[in-house]
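Novice: Dumping the structure here so I can ask a few things about it.
Coordinate-derived values only; no laboratory data. For clarity, every value in this text was computed on a predicted model and none was experimentally measured. As a convention, Cβ positions derive from the backbone with ideal geometry for all residues, glycine included, and neighbour counts pool all protein chains shown.
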Amino acid sequence: MGIPVKLEVFEGPLDLLLHLIDKNKIDIYDIPIVEITNQYMEYIRAMQREDLNVMSEFLLMAATLLDIKCRMLLPKEVNEEGEEEDPRQKLVEQLLQYKMYKYMSYELKDRQMDGEQQLYRQPSIPEEVLAYEEPVDMDKLLEGLSLSRLNAIFQDVIKRQEDKIDPVRSKFGKIEKEEVSLSERLDYVENYARNHRKFSFRTLLEKQAGKMKIVVTFLAILELMKIGTIRIHQERIFDDIIITSMIG
């Protein structure tokens, strides 16, 4: 009977790699890829996971480590600038980024715990204090105020209100929103097609009063085309579009 071994639980392959780097006190910028790969492979062999999706992430990282291990044995590749490329570079960048986010999560968790320990007292101001209003000395308030001064203030306020009025738009009447429903336009175009059988697209739109009716009428034409109530055709480019009713 084998000796049971309790394995630590890691959030992902990068978490496991950081653990191995810290455990072996390795410089993250100079990872001994052979040693780390061997230790990583030993760990995933001992893993017992039912979640295949999680296990696949660890196996994908294992394949990445083996690929880097093989590339380390080959002559180093040279980039366009003539510098030798380190096969470990992308892995190091991923580890550094993951490490930064991991420590940030620890900091946020600590702040949350500190915040949960703070208690706030509800305000308890007596009703007498809330209801208190400072008395107004009318003599002091109206000191030096005369009818001429009041009239000057009134005229100044009126002038400011007049300055706010647009001299052009103020002459317009009340602009009301034009309500045009698609269902009403559908009935209109369908009745028009039933009565005229074959007619010009341009002529139909020219009969509409207002841009909103033109837009909604156009939408109605598209809808009736889709359901097969009408059919359109054009003899040549730039010719007028002819609408034919398919209503029996």
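Novice: When a footprinting reagent is the concern and you count Cβ atoms within 10 Å, what order do Leu17, Leu60, Leu205 take, fewest first?
Specialist: Details: Leu17 23, Leu60 11, Leu205 14.
With the sparsest Cβ surroundings first, the list reads Leu60, Leu205, Leu17.
Novice: A further question follows. For Thr217, Thr64, which order do you get if you count the other beta carbons within 10 Å of each Cβ and list the fewest first? Numbers along the way, then the final one.
Specialist: Working: Thr217 21, Thr64 15.
Placing the least packed residue first, the sequence is Thr64, Thr217.
Novice: Which of rounded, prolate, oblate describes the range 54-109, given a ≥ b ≥ c as roots of the alpha-carbon gyration tensor eigenvalues and a/c under 1.5 marking rounded, otherwise prolate only if a/b is larger than b/c? Let's see the in-between values first.
Specialist: Working: a/c = 4.38, a/b = 1.61, b/c = 2.72.
Oblate, because a/c is 1.5 or more while a/b does not exceed b/c.
Novice: Ok, one more. With the cut-off at 24 Å, tell me which of the pairs Lys76/Lys99; Lys198/Lys226; Lys23/Lys102; Lys23/Lys90; Lys23/Lys99; Lys69/Lys102 have Cα atoms farther apart than that.
Specialist: Values: Lys76/Lys99 28 Å; Lys198/Lys226 18 Å; Lys23/Lys102 17 Å; Lys23/Lys90 21 Å; Lys23/Lys99 15 Å; Lys69/Lys102 26 Å.
Checking Cα-Cα distances, Lys76/Lys99; Lys69/Lys102 exceed 24 Å.
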